[in-house]
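Before any comments, here is the structure.
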């Protein structure tokens, strides 16, 4: 059980109050909750990472408790009751060791660690979403039904830093209604992208002199309930209540592609931080992982309850690590023999050595990227280190899932003759070093 | 006449010449050996018959009926082809039956024919009744109030605006079939305004029958306090007077309910929805039963009166209207088609691509 939670790459909160961890490699889902104490008021309404290393998940429930789940220990470690205001949590975030919560009635509270009192901000009624800026940690954005986008600075809670202005009256001279359903800060800048219940996607820029949206794109005719920026912040994935999921380009404001397969309302979307994958969950009780580049469905997991929110971990390798470890093992044996041959031969240039050194340096920052990343690669690295000190092909295969050259070459060497692998190895070394 | 053996590669003209002799069967199967011409002796004809191939004209192996340009002749040849196929099939059946009889007890068991229901793609959402999570989910969902006997059903039946006679009669008959239901004329009222009034008066269901060009074609079933709304496509509506051998009118007794073949999670939700339409305790005295039978995602509604003749035999008599439903969407919450959240929407191009995949 402890092992399983470390391998889970997607965390999903359901309507029944169960936190589910999904291991995409083995295509298994694990329920982390006590089945005897289930009740509807434990329904998960918000999920967020407890820290930067993604070792803790904060689960916000409808009955206003925030539970901390540790992925290392596979159990809930803390329970915290956050009273005040009405309605479920609409946003959860962690800043500087304190917890930021926002509820539907508009009460945003910053709970300091250990103490009961909190700093409060009223952000207006009917809040649907509160979002925390990843780059400027003291900034928070809120929005809701007839509650336009406001960006708050937690150090100066009296007034919002940015207050969005509504669009001009439309062609019938009627006021344009406002209903923000989901929003996200664009990393690297101050901009915020929001999706509305009136099927619009808007980008606001506080740095620009206009308070109206800089870009507006419409998609279909149903409320857009979920939104997520892709890894390169150029496009955004949106989902609506009919299960239509689309990728919209933010630079040009046009539709790039539609992702098919979702049958019910999409309640939560999240893109992976580096790979071109997007996870979606919703009322049809399925978790789906699509590839954003070609739109294909990669994984589909049935999770039995309606799913409210999800968290996608930023692990690099989401596929079965055990298999790659095996492959690496086989390759290692080949490479052991090869390396002896190579070691006997005089080194021609420094390029081979440079390549090796670079791989080692690449390896170093890896363990520090986080315990769960280490946890993931632990078994693989341990397996490797047992047999050999350093293997180029294995480390390259482990790291470069996206870079196809090395990975495919690594796969090709499996099961081939020594000569062929040697020939390929020269190619690989030259390419890696070049 | 001489017996000719013709080898290969004929032009179509040869076929046309031979076709003029009607009554001769052609062998359009490809790759067969060329057969003797029709001028054969009877013996050879008999021999040919025992091989299941009556004396035929020869033809090149690439012949097919569709190459004949003349429609009448082509049609004739095709019919002949079909007759022959049927004959072959019968002969094969006979042979198999004979073999089976010959083997007696040692005969292999009869093969089960493949049907679309047999070949159905396994749906991973099929409910396992022991699954605790699903038991909890169903125990606390919107229908739990009914299943825990906290509420009794009360249905409001109405139509789309300005209904025509057939729809009105359908509504009336539905009202006789479903106990504690009331028909109201829809005076062009908006459903979103009707719903709060219904909740205030204690209704548990709102049923709206949509009509198009004098035929009922849609059904919206909305569970009232806060429950899901299902939108169905209605087809094949048969009123009481169109039924053959119908009995007397359905009485006031509460019928029993049969729900067949709702296996998946979505099917369970819909099944529970239908079950909550009827009061809890059926009057067995009334001997009436309402059946919702799901087959290939179509739900067939039938209303019967039964009588047990002896322990093993039952007589049934169909009363009441009959109709077929197909689920189009299931929306969470009461009726709100624009801003409501949908739990399941039927998308034809994605979901109907496989003929053996069903969702209910």
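Working note: Cα atoms of segment B:101-166, range along each principal axis, descending, whole Å: 66, 46, 23. All alpha carbon pair distances within segment B:59-106 were sorted into 10 Å bins beginning at 0; the resulting P(r) in whole percents reads 23, 31, 20, 16, 9, 1. Its relative contact order, with pairs defined as Cα atoms under 8 Å and 6+ residues apart, puts segment B:148-303 at 21 percent.
With the convex hull of the Cα atoms taken as the outline of segment A:126-196, the averaged projected area works out to 5.0 nm². Translational diffusion of segment A:25-118 was estimated from the Stokes-Einstein equation, with Rh taken as the Kirkwood radius over Cα pairs; at 25 °C and 0.890 mPa s the coefficient is 176 µm²/s. For the residues of B:131-140, the average number of beta carbons from a partner chain within 10 Å of their own beta carbon is 5.
Based on alpha carbons, the Rg and Dmax found for segment B:226-352 are 16.7, 55 Å. Between the C-alpha center of segment B:290-310 and that of segment A:224-283 there is a gap of 44 Å. Sorted on the mean count of surrounding Cβ atoms within 10 Å across their residues, most packed first, peptides A:162-170, B:226-234 read B:226-234, A:162-170. Any idea how far apart residue B:217 and residue B:307 come out in nm if each label point goes 7 Å out from Cα toward Cβ? So the two model labels end up 4.1 nm from each other. Comparing segment B:118-232 with the 2.2 N^0.38 Å rule of thumb, its C-alpha radius of gyration ratio is 1.28 (two decimals). Computed over the Cα atoms of segment A:158-311, the ratio of the radius of gyration to the Kirkwood radius (Rg/Rh) comes to 0.99. Which value, in Å to one decimal place, does the Kirkwood hydrodynamic radius take for segment B:170-295 when every pair of different Cα atoms is included? With all distinct Cα pairs of segment B:170-295 included, I get 16.1 Å. Counting every alpha-carbon pair across segment A:123-165, the share separated by more than 15 Å comes to 36%. From most to least packed by mean Cβ count within 10 Å, the peptides B:206-219, B:124-137, A:299-312 give A:299-312, B:206-219, B:124-137.
Here the calculated FRET efficiency for residue B:314 and residue B:243, from their Cβ-Cβ distance with R0 = 25 Å, stands at 0.85, rounded to the nearest 0.05.
Using the Kirkwood radius over Cα pairs, work out the Stokes-Einstein diffusion coefficient for segment B:135-192 at 25 °C and 0.890 mPa s, in µm²/s as a whole number. After rounding, the answer is 181 µm²/s.
Relative contact order of segment A:7-58: 31 percent, from C-alpha pairs under 8 Å at least 6 residues apart in sequence. Take each residue of peptide A:254-264, count the partner chain Cβ atoms within 10 Å of its Cβ, and average: the result is 3.
Which distance in Å, rounded to a whole number, links the C-alpha centroids of segment B:314-332 and segment B:77-97? That distance is 40 Å.
Against the empirical curve 2.2 N^0.38 Å, the C-alpha radius of gyration of segment A:178-258 lands at a ratio of 1.00. Reducing segment A:185-216 and segment B:182-201 to their Cα centroids gives an inter-centroid distance of 41 Å. With equal scatterers on the alpha carbons only and no solvent term, can you work out the Debye log10 of I(q)/I(0) for segment B:284-357 at 0.16, 0.18, 0.28 1/Å? Each listed q corresponds, in turn, to -0.79, -0.86, -1.23. Taking other Cβ atoms within 10 Å as a rough exposure proxy, A:161, A:245 sort from fewest to most as A:161, A:245. Taken over segment A:66-129, the convex hull of the Cα atoms encloses 93 Å³ per residue.
Computed from the coordinates by the stated procedures, all read-outs in this text should not be read as laboratory data. Given the structure is predicted, the values throughout are model-derived calculations rather than measurements. Ideal geometry is used to build each Cβ from the backbone, glycine not excepted, and the neighbour counts take in all protein chains shown.
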